[in-house]
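Student: Below is one structure. I have some questions about it.
The values are calculated or read from the model by the stated rules, or taken from the named source; none is laboratory data. Just so it is clear, the model here is predicted, and its values are computed rather than measured. Cβ sites come from the backbone with ideal geometry, for glycine too, and all protein chains shown count toward neighbours.
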Amino acid sequence: MTKKGSGAILDRFRQITEKSHDYAKSLKGKGQLLAGYMCTHVPEEILYAAGIVPVRILSSHVSQAMTRSYIHETYCSFSHDCAYQGLQHNYDYLDLIATSSSCIHMSEAFNVWVRFAGFQQKSFLIPYPHIIQTKPAGDFLVASFGEFKQFVEKLAKKPVTDDDLERAIKVYNHNRRLLKRLWEFLRRDQPPVTGPEVATATLASQVMDKQECNEMLEQLIQSLEAEPGKAPSGVRLMVTGGACDDLGIFDLMEHLNYSASLIFIDSCTAARYFWFEVPEDRPDKLKALIEGYLGRIPCPAKDNVPGTGEKKRFRFIQQFIEDFKPDGVVFLYQRFCSPQPMDIVALKPILQKLGIPSTELELDTTLPITQFGTQLEALIEIITRVAP
Amino acid sequence: MDFVPILGVNRKDGYWKMSEYASINNKLDWTRAKMIAAGVDSGAVSSKAVILLDGQPYAWSHVTTRTPKESALRAINAALAQTDLKLEKIHTIVATGRGRTQVPFARQAVSEIACGAAGAVRIWGPSVRTVLDAGGQSCKAIHCTEKGRATDFLWNDKCAAGIGRSMESFADLVKKEVSEIGNISLQSDKFPKLSDFCPVYAQSEALDLIRSKIPVEQLIAAYHYAMAKRISTLVARSGVKEDFVIIGGLAKNPGITDRVESILKVNRLAPKPDWDPALTPALGAALFADSFSRRQQSDTTYGARMSGIQSC
Amino acid sequence: MNNGKIVVGLDAGHITTKALIMSGREILGYRAVPTGFDVVAAAETALNHVVETIGISRRELAGIVSTGIFRDVVKVPALNVTMTVPEYVADAKGAFFLNKSSRTVIDIGGNIHKAMHYDQNGNLLDVIQNDKCADGLGIFYTRMAKAIGLSEQEMSELALKSTRDVSIAIQCALSAESEAIDLMCQGVDSADVADAISKFMSERVAAMCTYMPLTKEIVVAGGLAKSPALVKHLSALIKQDVSVLNLPEYVGAIGAAISYGESQI
């Protein structure tokens, strides 16, 4: 049987995630300016409007300890790895790095790049409020995004017009809609694509020029619409948690001793990245961007409704559970992350009420396959009510 | 039933090697058994085997793990060595534990969560709802039904890894038997505080206490308290519903179990005099093996089902 | 130095206590015993063993200079400790004594690892020590050897036979242990696991070394210096050649012994 048309496109997405530097350098070779970002709260459209392609900085999964001289021991391995790559000059080809103040671990990794990796003149930290569900947050960001825009204009040596911004917003929204459509395939009884494959395409989109990505996604979706689907085998697993760029975990979930299918991922390297839109055709583009970005599914580091302590993210998670119908939930978070496990404390009782079993996998540089395999298989045994 | 040490403690290696043993219930006759099933628990620190005859424990063993494959074989052979029963005559063998995929002679693998729950209810009865498996490398809190079916579990976070093994190296450092330090630790009510979050810190802080010239019994108590606190935090996060039992190697350490009980304010069901709690997951695996064999015998379409997983 | 007198350097460390006897520049004998929880008893055992082996009585000893983390704890009447030397001073002196062209010694011990930088006379210039999260490398190594079912020496030799580059997480000994066990349970060859363990330890030591510029020549001391795989990886990570001192565990004790007669610091 010949490889389906979608297979070739998915392979290309996979290759881009594995060789993201090569891809980025090929863009540079065409004269493209590149900006690295460390947190998805960066308004990429402002960069794109200035003709700069934003690429997310992901981990290299190298076990190293030298960054312990730069940032604290008990910071997550993702932040250590990002810091390490800066110090190793793996990303020297970037014209700029940007991040929003999100969690302290990533902020420190960013500081390492600024102070020790030569990015002092080509970096920007966007002050971003943590309590985002308030009017002052929106007002604050007007100034914040405004300053970022000015910085970007200076770097790109040209003004960013409203038309530029609107074009960028439309390209990015298109990307978001396409990715959403891709994930929606997994709601079908017979999806033509698997969770790990969709996760791969999503991760690739974070390191690609969105226009090129959109073309590929359109072709992919077109191919998939025409291909026969296959009912997902075994139990349906949904992942929720923090950044995870290790596709090996998702592959593992579908290659256990028991059958399981990965049917949704709520993380900033997956659904949270694109599950929103920036309002189009508004007169004030920055305000439109602010409205869009504040309306995202929040990262736990930013999710707090003042006065009630309510979490906005949980409403989304419950909606995903309703729409994608998982049998079990896998919490994924970095060892030493603070915000993610705090959310779990409140999420677990919600899952228990819904009768959905769960397990927690603690991410690190490397994957402990037998431990994670045991936890996942135990979860499946619980779901399928295994007993002697 | 006696625990017969077949390999003994090798004092030359220090207080390191746990006792290896095998035991048998000679009242049973394997030649008359309709169903012979076995479970092998390939753990990080020790490997255990349990052989059932028509659902009754017949022979069992407990050996130190070196590599999973080699140690699983050693465990089952140690159990078999007491009889003239041969490996080939066992109808079904199920492997559990971290190294369960490395047991080539096992027909099936089931997680130590499901096996721990099944074994615990078999031993302590249908009132069990929470099982703490405090093993050499990892700690898990397991919730189960009255039938021994696991319903929830919490695996230790990395900051609580290797507590069981750290007990052994601690025993080595203070030059005591690992089987004694638990009782010694209960001799002191007052002792200095060590980090109860990180075993690496606790170990380092314990070493520095040498300077203070406190009696070694107090140091042992301090370390036990710190580790018991760490384990209790884990269990508390998962929630404890009575009845509560403790299995795994650390279940044999009263310095840990007593303190876990007092910190959690819940008493465990007493260990059974004829049963080593560390063998519980292996027993659970044997129960699964027994049940797979019986279903296979009565169900002609068994082979067509994927993975042999049956609902309860 | 000691004017031909017979002196003892006693290095009372977290994990092992070392006694070494010197006369002039000649090393007469040495012994290491586990400190256990009774460092005085360990010191007595080590010392008695050495005097017996070289066939002298304790009365012939001019004095004992103690060093190591428990150097003050061994100052008991039964042991005639005439002076104490901080362990990093002793290490620098001892390393310099054993290798006059060295200027940096990296001491990888049972619980602590540190690096000392010294001048052309062996006088200490700078010292750094590991982060608390990297404590216990020696203990970890012993534990892992037992876990694989080997002696420490056997595991060191096995690591050199590794054919596959495998990584484990390096945050601390708990991560490393978790992941090394996981590798074993995956069926990864013990030699590759042993090498991964050595790499983890070398990563932690190398991380410490980034705090202080390392001046050539660099030598390695301490019990863990006896693992060639560890030393090889360390050298690669710090991008410098290193050599292992003779009697690597006794460097501190040597430094203490040759300090005899100098004024107390």
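Student: Could you list, in sequence order, the residues of the stretch B:185-201 that are within 24 Å of the chain's Cα centre (by Cα) and crowded, with 20+ Cβ neighbours inside 10 Å?
Tutor: Hits for the stretch B:185-201 are B:Ser185, B:Cys198, B:Pro199, B:Val200.
Student: Another question, then. Condition first: touching a helix residue (DSSP H, G or I) at 6+ places or on another chain (Cβ under 9 Å), within 14 Å of chain B (Cβ to nearest Cβ), surrounded by fewer than 24 Cβ atoms within 10 Å (Cβ to Cβ) and within 24 Å of C:Val193 (Cβ to Cβ). Can you find one or more residues in the stretch C:117-135 that meet it?
Tutor: Checked against the condition, which is being touching a helix residue (DSSP H, G or I) at 6+ places or on another chain (Cβ under 9 Å), within 14 Å of chain B (Cβ to nearest Cβ), surrounded by fewer than 24 Cβ atoms within 10 Å (Cβ to Cβ) and within 24 Å of C:Val193 (Cβ to Cβ), the stretch C:117-135 yields at least one hit.
Student: Residue by residue through the stretch A:359-375, note down the ones that are more than 8 Å from chain B (Cβ to nearest Cβ) and over 24 Å from A:Ser59 (Cα atoms).
Tutor: Within the stretch A:359-375, no residue meets the criteria.
Student: Something else: Considering each residue of the stretch A:26-66, count those that are within 14 Å of another protein chain (Cβ to nearest Cβ) and either on the phi > 0 side of the Ramachandran plot or of a type in the set (D, E, K, R) (or both), and give that number.
Tutor: Total meeting the criteria: 1.
Residue-by-condition table, conditions (1) within 14 Å of chain C (Cβ to nearest Cβ); (2) outside any loop (DSSP other than H, G, I, E, B); (3) over 19 Å from the mean Cα position of the chain (by Cα):
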{"site": "B:Ala44", "(1), (2), (3)": "yes, no, no"}
{"site": "B:Ser47", "(1), (2), (3)": "yes, yes, no"}
{"site": "B:Val50", "(1), (2), (3)": "no, yes, no"}
{"site": "B:Tyr58", "(1), (2), (3)": "no, yes, no"}
{"site": "B:His62", "(1), (2), (3)": "no, yes, no"}
{"site": "B:Ser71", "(1), (2), (3)": "yes, yes, no"}
{"site": "B:Gln82", "(1), (2), (3)": "no, no, yes"}
{"site": "B:Glu88", "(1), (2), (3)": "no, yes, yes"}
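Student: Given the conditions (1) within 30 Å of C:Asp135 (Cβ to Cβ); (2) touching a helix residue (DSSP H, G or I) at 6+ places or on another chain (Cβ under 6 Å); (3) among the β-branched types (Val, Ile, Thr), which single one is not true for C:Ile64?
Tutor: Single failed check for C:Ile64: (2).
Student: Another one. Would you pick out the residues in the stretch A:103-139 that are closer than 19 Å to A:Ser79 by Cα, polar (S, T, N, Q) and over 22 Å from the mean Cα position of the chain (by Cα)?
Tutor: A:Gln120
Student: Every residue in the stretch A:179-195 that is under 18 Å from A:Asp251 (Cβ atoms) and assigned to a loop (DSSP other than H, G, I, E, B), please.
Tutor: Selection gives A:Pro191, A:Val193, A:Thr194.
Student: While we're here: Just to be sure before I move on: is C:Ile254 outside the structural domain of C:Lys132 (by TED's automatic domain parsing) and either in contact with a Pro (Cβ under 9 Å, 6 or more places away or on another chain) or farther than 26 Å from A:Leu367 by Cα (or both) in the structure I sent?
Tutor: yes
Student: Moving on. So if I check each of A:Ala346, A:Ala378, A:Ala387, which one is touching a Phe, Trp or Tyr at 6+ places or on another chain (Cβ under 9 Å), more than 13 Å from A:Met253 (Cα to Cα) and facing chain B (nearest Cβ under 9 Å)?
Tutor: That would be A:Ala387, the only listed residue that is touching a Phe, Trp or Tyr at 6+ places or on another chain (Cβ under 9 Å), more than 13 Å from A:Met253 (Cα to Cα) and facing chain B (nearest Cβ under 9 Å).
Student: Across the stretch A:255-294, which residue is nearest to the chain's Cα centre (by Cα) among those that are more than 14 Å from chain B (Cβ to nearest Cβ) and within 30 Å of B:Gly99 (Cα to Cα)?
Tutor: A:Ile265
Student: I would also like to ask the following. State which residue is farthest from the chain's Cα centre (by Cα) when the search covers only the stretch B:126-141 and only residues that are outside any loop (DSSP other than H, G, I, E, B) and more than 9 Å from every other protein chain (Cβ to nearest Cβ).
Tutor: Ranking the candidates gives B:Thr130 first.
Student: Scan B:Arg100, B:Arg107 and give me the residue that is assigned by TED's automatic domain parsing to the domain that holds B:Ser46 and surrounded by 24 or more Cβ atoms within 10 Å (Cβ to Cβ).
Tutor: It is B:Arg100.
Yes/no matrix, rows are residues, columns are (1) under 17 Å from A:Gln371 (Cβ atoms); (2) at the interface with another protein chain (Cβ under 9 Å from one of its Cβ atoms); (3) touching a residue at least 60 places away in the same chain (Cβ under 8 Å):
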site	(1), (2), (3)
C:Leu150	no, yes, no
C:Asp165	no, no, no
C:Cys172	yes, yes, no
C:Gly187	yes, yes, no
C:Asp192	no, no, no
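Student: Considering only residues that are touching a residue at least 12 places away in the same chain (Cβ under 8 Å), within 24 Å of the chain's Cα centre (by Cα) and not in a helix (DSSP H, G or I), which ones fall in the stretch A:341-383?
Tutor: A:Ser358, A:Thr359, A:Glu360, A:Leu361, A:Glu362, A:Leu363, A:Asp364, A:Thr365, A:Thr366, A:Leu367
Student: Next up: Could you pull out the residue among A:Ile344, A:Ile369 that is surrounded by fewer than 23 Cβ atoms within 10 Å (Cβ to Cβ), under 30 Å from B:Ala37 (Cα atoms) and among the hydrophobic types (A, V, I, L, M, F, W, C)?
Tutor: That would be A:Ile369, the only listed residue that is surrounded by fewer than 23 Cβ atoms within 10 Å (Cβ to Cβ), under 30 Å from B:Ala37 (Cα atoms) and among the hydrophobic types (A, V, I, L, M, F, W, C).
Student: For the stretch C:53-65, indicate whether the set of residues that are within 14 Å of another protein chain (Cβ to nearest Cβ) and not in a helix (DSSP H, G or I) is non-empty.
Tutor: No: the stretch C:53-65 contains no residue that is within 14 Å of another protein chain (Cβ to nearest Cβ) and not in a helix (DSSP H, G or I).
Student: C:Ile64: touching a Leu at 6+ places or on another chain (Cβ under 6 Å) and crowded, with 24+ Cβ neighbours inside 10 Å, yes or no?
Tutor: Taking the combined requirement at face value, the residue satisfies it.
Student: So A:Met38 fits all but one of (1) under 29 Å from C:Ala207 (Cα atoms); (2) at pLDDT 95 or above; (3) in contact with a strand residue (DSSP E or B) (Cβ under 7 Å, 6 or more places away or on another chain); (4) crowded, with 24+ Cβ neighbours inside 10 Å; what number is the exception?
Tutor: It is condition (2) that A:Met38 fails.
Student: In the stretch A:272-302, what count of residues is obtained for those that are closer than 19 Å to A:Thr161 by Cβ, surrounded by 21 or more Cβ atoms within 10 Å (Cβ to Cβ) and charged (D, E, K, R)?
Tutor: Matching residues across the stretch A:272-302 total 1.
Student: Of a type outside the set (Ser, Thr, Tyr) and within 14 Å of chain B (Cβ to nearest Cβ) - does that describe any residue in the stretch C:208-218?
Tutor: So far as the stretch C:208-218 goes, no, none of its residues is of a type outside the set (Ser, Thr, Tyr) and within 14 Å of chain B (Cβ to nearest Cβ).
Student: May I pose another question? Looking only at residues that are acidic (Asp, Glu) and over 20 Å from C:Ser243 (Cα atoms) in the stretch C:179-217, which one is surrounded by the most Cβ atoms within 10 Å (Cβ to Cβ)?
Tutor: So, considering only residues that are acidic (Asp, Glu) and over 20 Å from C:Ser243 (Cα atoms), the one surrounded by the most Cβ atoms within 10 Å (Cβ to Cβ) is C:Glu179.
Student: Also, I was wondering about something else. Could you grab me the full set of residues in the stretch A:200-213 that are in contact (Cβ under 8 Å) with a residue 24 or more places away in the chain and more than 17 Å from the chain's Cα centre (by Cα)?
Tutor: A:Gln211
Student: Which number in (1) of a type outside the set (Phe, Trp, Tyr); (2) in contact with a helix residue (DSSP H, G or I) (Cβ under 8 Å, 6 or more places away or on another chain); (3) within 14 Å of another protein chain (Cβ to nearest Cβ) marks the one condition that C:Ile112 misses?
Tutor: In the conditions (1) of a type outside the set (Phe, Trp, Tyr); (2) in contact with a helix residue (DSSP H, G or I) (Cβ under 8 Å, 6 or more places away or on another chain); (3) within 14 Å of another protein chain (Cβ to nearest Cβ), C:Ile112 misses (2) alone.
Student: Mind checking which residues of the stretch A:269-281 are at pLDDT 95 or above and of a type outside the set (Val, Ile, Thr)?
Tutor: Within the stretch A:269-281, A:Ala270, A:Ala271, A:Arg272, A:Tyr273, A:Phe274, A:Trp275, A:Phe276, A:Glu277, A:Pro279, A:Glu280 meet the criteria.
Student: Could I ask something else about it? For the stretch B:147-173, what are the residues that are at the interface with another protein chain (Cβ under 7 Å from one of its Cβ atoms), in a helix (DSSP H, G or I) and over 18 Å from A:Arg335 (Cβ atoms)?
Tutor: B:Arg165, B:Ser169, B:Leu173
Student: Pull up the stretch C:80-116, narrow it to residues that are part of a strand (DSSP E or B) and outside the structural domain of C:Ala206 (by TED's automatic domain parsing), then point me to the one that is surrounded by the most Cβ atoms within 10 Å (Cβ to Cβ).
Tutor: That would be C:Thr84.
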